[in-house]
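Notes follow the structure.
Please treat every number below as a calculation from the coordinates, not as lab data. In this text, all values refer to a predicted model and were calculated from it rather than measured experimentally. Glycine also receives a Cβ, built like all others from the backbone with ideal geometry; neighbour counts cover every protein chain displayed.
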Ligand SMILES: NC(=O)c1ccc[n+]([C@@H]2O[C@H](COP(=O)([O-])OP(=O)(O)OC[C@H]3O[C@@H](n4cnc5c(N)ncnc54)[C@H](OP(=O)(O)O)[C@@H]3O)[C@@H](O)[C@H]2O)c1
C-alpha cells in the first residue's frame, strides 16, 4: 500500500532533544499530515507541547500507541525501538528509527537521502528505515561527493562532539555547569560524572575489546554499509567537547584516483545539503555556532594533504547541526522521499516543501 499524502504520524521520544527538533522541522517544512501523536515515557505523559499554534498532549508509549499510524518516528533510545518498533510494524506503519537498534541489520536500509536515497525506491510499508549515527551523517554529507569523484580509499576522522548529542539532559548539565562556575559553586556532574565546562574527554560510549568506543565503531561500520563498500578503511577518534550543540569533525582522506583541491571544491559546491565556508584571508571556517539551527553541513579548511602524493589526499573540517541533519531532518527527508516516491513529484509534500534554511 502506498503512503497516504497526508499520513498519520507518531513521534516516539517527542519530549527529547531529537523529538523536539523533529516537531520544529515538521512545522517549518509544513509537512502534510493528519493526526500527530506524541509519545514518551510515563514521566511526561499528560504534559503538552506547542505545535502549529496549539498544545498537543504527550501520551505514554504502549503496544496500542500505533493504531492508524502511517509513519512512526522513533527516537527514545535503542531499547525502546527494539521493544516497540514491532507494534508499529504490526499496525502497518513505516518506522523511521533514529537510534542504533536496527542500523546494521542487513534487511534495514540505512539512509542519508542525499547519499543513498535511491535505495528507498520500491520501498513499501510496513518496514523499518534506519537513520545513521549523527557523526556518520555529518562526515558523509561532506565526503560522499568526493568519494563519488575519486573513490575514498582511507578516511581518518577526529570528532569534536557537542553536549546535544547526548540528549536534552546533557545540554542542561553543560548550561548548569556554566551557572555553577559563575556562582563559584562546585560543578553539577550528574550526566558525565566529570567537569564538562572548560574540559573535553573521550566519547562517553562503551569501549570494546579493540579499544574503540561505540561511536567510533558506528562511524566505520555505517560508512561501509551506506557506501556499500567493504574495502574502504576508516579510523576514528571521537571526543566530547563543551559545545552546546553541533558536532565538528576533522577529516583526512586518501583517494583511489587523483582529485585536485579545485576539483574537490567543485564537487562540494554542487553537493546538495553542503555549504562551503572557507575564507582563508579572514580565517573563517566551519564553526558550531554557525551550523546551529541550519540544515546544511558546513565544510571548510579544504586543502591538499601535502604528506601524500599530489592529488591523492585531502583535509577537511566540517560542522553540522546533529540534532537537525544528524537526526531529525534526515528522518523527515526520508519520510518526504517515501511520500514523493509513492505519490509522484506533485504530491502535497513536495509542493509545500520549503528550501533548506541557510
Ligand atoms: N541527540 C542527538 O544528537 C542524536 C542524534 C542521533 C540519534 N540520536 C538518538 O535518538 C534517541 C533520542 O536521543 P535524544 O538526544 O533526543 O535523547 P533525550 O533528549 O534524552 O530524549 C529521550 C526521549 O525518549 C523518551 N523516552 C525515554 N525512555 C522512554 C521509554 N521507556 N518509553 C518511551 N519514551 C521514552 C523520553 O521521554 P520522557 O520525557 O518521558 O523521559 C524523551 O522524549 C537516542 O537513541 C539517541 O541515540 C540522538
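Relative contact order of region 50-190: 16 percent, from C-alpha pairs under 8 Å at least 6 residues apart in sequence. From most to least packed by mean Cβ count within 10 Å, the peptides 113-121, 63-71 give 63-71, 113-121. Each residue in 212, 246 was given a count of other beta-carbon atoms within 10 angstrom of its own, and listing them fewest first yields 212, 246. A simple packing score, the average count of other Cβ atoms within 10 Å per residue, orders the peptides 86-98, 300-312, 45-57 as 86-98, 300-312, 45-57, with the highest score first. Remark: relative contact order (the chain) = 20 percent; criterion is Cα-Cα distance under 8 angstrom and separation of 6 or more residues.
Beta bridges per DSSP, both residues in the chain: antiparallel share near 50 percent. Considering all different alpha carbon pairs of region 205-295, the Kirkwood hydrodynamic radius works out to 16.0 Å.
The base-10 log of I(q)/I(0) for region 109-251, evaluated at q = 0.11, 0.17 Å⁻¹, reads -0.50, -0.96 [Debye formula, identical scatterers on Cα atoms, solvent excluded].
Average projected area of the Cα convex hull of region 304-343, in nm²? It would help to have the intermediate numbers written out before the result.
Values: hull surface 18.0 nm².
Averaging across all directions leaves 4.5 nm² for the Cα convex hull.
Spin-label point model (7 Å from Cα, Cβ direction): what's the residue 188 to residue 42 distance in nm? Rounded to a tenth, the inter-label distance reads 2.5 nm. Cβ-Cβ distance of residue 6 and residue 197, R₀ of 51 Å, FRET efficiency by 1/(1 + (r/R0)^6): the value works out to about 0.65.
The overall shape of region 220-354 is prolate: from the C-alpha gyration tensor, with semi-axes ordered a ≥ b ≥ c, the ratio a/c is 1.5 or greater and a/b exceeds b/c. Relative contact order of region 169-327: 20 percent, from C-alpha pairs under 8 Å at least 6 residues apart in sequence.
Give the Debye-formula value of log10 I(q)/I(0) at each listed q (0.10, 0.18, 0.21 Å⁻¹), with one equal scatterer per alpha carbon of region 79-171, two decimals each. At q = 0.10, 0.18, 0.21 Å⁻¹ the computed log10 ratios are -0.34, -0.97, -1.14.
Let me have the 222 nm mean residue ellipticity of the chain computed from DSSP H runs of 4+ only, each contributing -39500 (n - 2.57), with the sum over all residues rounded to the nearest 500.
Values: 10 runs with 108 residues, N = 358.
Rounded to the nearest 500, the figure is -9000 deg cm²/dmol.
With a ≥ b ≥ c the root eigenvalues of the C-alpha gyration tensor of region 258-318, is it rounded (a/c under 1.5), prolate (a/b larger than b/c) or oblate? Prolate, since a/c reaches 1.5 and a/b exceeds b/c.
Divide the volume of the convex hull around the Cα atoms of the chain by the residue count and you get 156 Å³ per residue.
Under the Kirkwood approximation for Rh and a Cα-based Rg, what ratio Rg/Rh is obtained for region 71-110?
Using only Cα positions, Rg/Rh for region 71-110 is 0.92.
If you wrap the Cα atoms of region 1-159 in a convex hull and average its projected area over all directions, you get 10.7 nm².
For a protection proxy built on the mean count of beta-carbon atoms within 10 angstrom, sort 23-32, 185-194 highest first, please. Let's see the in-between values first.
Working: 23-32: 18.3, 185-194: 13.3.
The peptides rank, most packed first, as 23-32, 185-194.
Shape class of region 174-254 from the alpha-carbon gyration tensor: prolate, with a/c at 1.5 or above and a/b greater than b/c.
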